[in-house]
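Just so it is clear, none of the values below were taken in a lab; they were calculated from the coordinates. Worth saying up front: this structure is predicted, and the values here are computed from it rather than measured. Positions of Cβ are backbone-derived with ideal geometry, glycine not excepted, and every protein chain shown enters the neighbour counts.
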Amino acid sequence: MANVQGGKIGDQYFTALEGPMDPTGVQLMEITRPGVNGVAYKQLGSRGRPSQLRGLALVSSQSAAATLITTYKSLIGTTVTIVHRGQNWTPFLVLDVMLADQPRTSPQSVGGISSAGSDVTGAAVIVETVWTVQY
């Protein structure tokens, strides 16, 4: 991840939070009929499409990782504010949270990301998740 920045989903902080955000915008539906030339579009309204964000958090132990995952899962179905690349995005609905990889122990620094931005000192357990959210 180049130019990695931390972020926040609801009240949960991340050492890194990456992925595209899709804010609200006009949605269209294509209208065609067999045997009829041309195409028409119907305006459906203003909404965003589901977006996927990848979050990386550092915790001090495997048991803390298990607790964090349970906390993340409890946010499914709730409306949250997301802080992403220094900008607040609200309201977003959390549609799903999945583990991207099993929590694993790391040295103090991983791929240029250090535990300096977290409450963890020394080796840390990396919790990497994929969030599906929609405006």
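For Thr79 and Gln27, the FRET efficiency from 1/(1 + (r/R0)^6), where r spans their Cβ atoms and R0 equals 30 Å, is about 0.95. For a modelled paramagnetic label at Thr132, 7 Å from Cα along Cα-to-Cβ, the residues of region 78-98 in reach, with backbone nitrogen under 18 Å, are 78-80, 92-98. Potential lengthening of the chain between Gln5 and Ala100 amounts to 32.4 nm, from the contour at 0.36 nm per residue minus the alpha-carbon distance.
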